[in-house]
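The values are calculated or read from the model by the stated rules, or taken from the named source; none is laboratory data. Note that the coordinates shown come from a computational prediction; the quantities given were computed from them, not determined experimentally. Positions of Cβ are backbone-derived with ideal geometry, glycine not excepted, and every protein chain shown enters the neighbour counts. The accessibility values were calculated without ligands, DNA or RNA, using every heavy atom of the protein model including side chains. Shrake-Rupley method; radii C 1.70, N 1.55, O 1.52, S 1.80 Å.
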Amino acid sequence: MASSGADKFSVLLPTYNERENLPLVVWLLARTFRESGNNFEIIIIDDGSPDGTQEIAEQLQKIYGSDKILLRPRARKLGLGTAYIHGMKHATGNFIVIMDADLSHHPKFIPEFIRKQKEGNFDIVSGTRYKGNGGVYGWDLKRKLISRGANFITQVLLRPGASDLTGSFRLYRKEVLQKLMEKCVSKGYVFQMEMIVRARQLGYTIGEVPISFVDRVYGESKLGGNEIVSFLKGLLTLFATT
């Protein structure tokens, strides 16, 4: 199914304590989609943020309209994978964009994702920090080494055919994302990687667009030591089962 002018893009934005970032990321998204002439909706999935993110989201809905901003909150923090499943149930677009709400992913790359998808009729377009003029800004050496190391180990073990596996800035055909979500069992940061590995197994095509990743503008990074341990455990599970 080639994409046509009737395409609609549903952006899934899982949030947890993002009250400072959310207005800016929504404004950038709305501007980017309007300038590129693409139909869009933004689905905000807030996991019971104690900082008032949900109230900010309600204000944004008043500003942009309930056809553009959909609020699908949950009572507590239930993880990324389930946030996507929850958000996808309410998505009316035939393409889904997943990205972080903390401004580490700039919406300006989305038109490039869309162009790339059309160019190769890809099932998935993934932003990559490790190709072309992609890169990471604001990370200390330790974070860079962890990220590169995680990526390298994954490449060696799983040979997935994509250069950035732990990134979470991607465009999916909706039906492809639904299929992948049914197959994926991982939690946390391994989840993004499993999506690409499963996509390859199922024969889906993947295009890549170089992106610059800027570390969180406001707030604390959620990647802790226990996340790294669970990443490695998850990676070995994937290696053993795929």
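Things worth noting here:
- Label-to-label distance, nm, for residues given as K62 and Q178 (7 Å Cα→Cβ offset): 3.5
- Remark: for residue pairs K62/K179; K62/K183; K62/K108, the C-alpha separation exceeds 28 Å in K62/K179; K62/K183.
- Between H90 and V214, the FRET efficiency estimated from the beta carbon spacing at R0 = 35 angstrom works out to 0.75.
- Largest first, the residues E175, E208, E35, E41 sort by 1.4 Å accessible area into E35, E175, E208, E41.
- Amide H contacts of V11: E41, I42, I43, V97, each under 5 Å away and 5 or more positions distant or on a separate chain (H built 1.01 Å from N in the peptide plane; Pro and chain starts excluded).
- FRET efficiency for E20 and R76, using Cβ-Cβ distance with R0 set to 22 Å, rounded to 0.05: 0.55
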